[in-house]
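Heads up, the thing below is written out as C-alpha cells.
Readers should treat all values here as calculations from the given coordinates under stated rules, not as data from a laboratory. This is a predicted model, so every value here is computed, not measured. Virtual Cβ from ideal backbone geometry, glycine too; neighbours counted across all protein chains shown.
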Amino acid sequence: MRRWAWPSRAGVVVRGFDQDPGCLARAVERGAVDFGAGSLAEVMAGADAAFVAVPVSGVAPAVQVALEAGVAAVSDVGSVKAAVVHSVEAAVPAGDGVRFVGGHPMAGSDQDGVEGADPDLFVGATWVLTPTERTDPAAFTRIRELVASVGADVVAVDPEMHDSLVATVSHVPHLMSATLMQVAVEASPNRDTLFRLAAGGFRSMTRTSHQAPGIWPDIFVENRDAIVAALDHYLAALAEARELVAGGGRAPLLEFFEHARAQGRDLPARSQEAGPLVELAMPVPDRPGVLAEVTTLAGRHGVNIVDLEITHATDGGVLVMVVPASGADAITGGLESLGYRVTRRML
C-alpha cells in the first residue's frame with residue numbers, strides 16, 4: 001500500500017516515482033507530488049531527501065538506488081525495520097556514516113494507493129524513526145525535520161525494539177482481524193443475516209481485514225520471529241480468557257474487563273498539544289552512536305523530541321533538543337545515568 005500525503009503543503013518540492021504510470025499521474029493531478037518522470041535513479045538524483053514506500057522486500061534495493069544517486073537523507077515507511085536497516089548498513093563501507101534512517105508512520109488508510117491520500121494523514125500521528133550507531137546525524141536531523149513538518153510526533157527506537165512492539169500493536173491485530181472475519185463467516189450458515197447483525201464492535205475488530213492484502217505477506221515473513229512471539233503471548237492470554245468464560249463466574253469476568261478498561265485509559269490521544277516545552281543541552285563526544293543513544297532513550301520513555309540540533313567542534317559538540325516539559329524529568333534522568341551533563345531551560 002502506498003501512503004500518500006501532501007508534504008508539498010509544507011513548502012517542499014516533491015518528485016515522485018511509481019512503477020504504475022497511471023498511479024503517478026493521479027498523484028500529480030491530486031497534488032500529492034509536484035511532478036514525476038524518468039527512472040527511479042533519475043527521480044532520486046539531486047534530492048535532499050527521499051522516502052521509499054514499497055513492500056518491505058523491496059525497500060533495501062530502492063534505498064540503495066537512492067544512496068547511489070547521492071541523496072543526502074533516505075528513509076522509508078515500511079512496518080518492519082531490523083531486516084531493512086541491517087541490509088542497508090551491510091552495503092555501506094565500515095566506518096562510513098549511513099544516510100538511511102528507518103521510518104514507520106503509524107497512520108494509514110483503508111484505501112489503496114493515491115486514492116487514500118489525505119493532507120492531514122500524519123497530523124498528530126506517531127512516526128517512528130530507528131537510528132543506529134552508524135546513522136549519519138545530519139541525515140537523521142533532516143528526516144526528523146521533514147516528518148515533523150507534516151504534523152507527526154517523532155519517536156526514535158532501535159530497529160529490533162520497533163519490530164517487537166509493532167508485532168503486538170499492528171501485525172498481530174491485523175492477523176486477528178482477518179481471522180475473526182473468516183471465523184464469523186465460516187461459523188454462520190447465513191452470511192447475509194450475520195453481516196446485518198454486525199455492530200460497531202465487530203466492524204471495529206475487522207476493519208483492517210478490508211485493507212489491500214499485497215503488503216502483508218512481506219511483513220509477516222520479515223518479522224515472523226517477533227510476530228510468533230506476540231502470538232504465543234496472545235494465545236496464552238486467550239486461553240486464560242476462555243477459562244474465565246467457561247468458569248461462569250461474574251466477579252472474575254468483571255475484574256478482567258475492568259482491568260482492560262483501566263489499561264485502555266492510558267492510551268494517548270492521536271493528537272495532543274505538546275504543552276510547555278523544555279530545551280535540553282548537553283556536550284556530546286565525537287563518537288559513533290551518540291545520536292542513536294540519545295534519541296532512542298527518548299523513545300523508550302515515550303518522549304517526543306519537538307526539535308533537535310547538533311553543533312560540532314573538533315572534539316565533539318553540543319546536542320540541543322526540545323521536549324515537552326511533562327517528559328523532561330524522565331529523559332534528563334536517563335541521560336545523566338548514561339554520563340551526559342544536561343542543562344535545561346524552560347521555553
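A few points about this structure:
- Where labels lie 7 Å past Cα in the beta-carbon direction, separation of Q182 and L244 in nm: 2.6
- Added length on full extension, which subtracts the Cα-Cα distance from 0.36 nm per residue, R203 to A229: 6.7 nm
- Ranked by how many other Cβ atoms sit within 10 Å of their own Cβ, fewest first, the residues W127, W216 fall in the order W216, W127.
- Crossing angle, helix 21-30 versus the chain [Cα axis fit, 0-90 degrees, rounded to tens]: 80
- Phi angles of region 229-243 translate, via the Karplus equation with coefficients 6.51, -1.76, 1.60 and θ = phi - 60°, into HN-Hα couplings of 4, 5, 5, 4, 4, 5, 4, 5, 5, 5, 5, 5, 5, 4, 5 Hz per residue; Gly and Pro are given as x.
- Its Cα gyration tensor gives region 7-157 an equivalent ellipsoid; the semi-axes, largest first and in whole Å, are 23, 18, 14.
- Folded to 0 to 90 degrees: helix 172-187 orientation relative to the chain principal axis, Cα: 20
- Axis of helix 137-149 versus longest Cα principal axis of the chain: the two differ by about 50°, to the nearest ten degrees.
- Within-10-Å neighbourhood charge of A66 [Cβ basis; K, R +1; D, E -1]: -1
- Per residue Cα convex hull volume in Å³ - calculated over region 277-346: 73
- Compared with the alpha-carbon gap, the fully stretched path from A236 to L347 is longer by 35.2 nm at 0.36 nm per residue.
- Counting only DSSP beta bridges whose two residues both lie in the chain, roughly 65 percent are antiparallel.
- For region 163-264, convex hull of alpha carbons as volume per residue, Å³: 131
- Rounded to whole numbers, the Karplus 3J(HN,Hα) couplings from phi for region 62-77 are 5, 4, 4, 4, 5, 5, 5, 7, x, 4, 6, 8, 10, 9, 9, 10 Hz, using 6.51 cos²θ - 1.76 cosθ + 1.60 with θ = phi - 60°, and x at Gly and Pro.
- Along each principal axis, Cα extent of the chain, largest first, Å: 71, 51, 36
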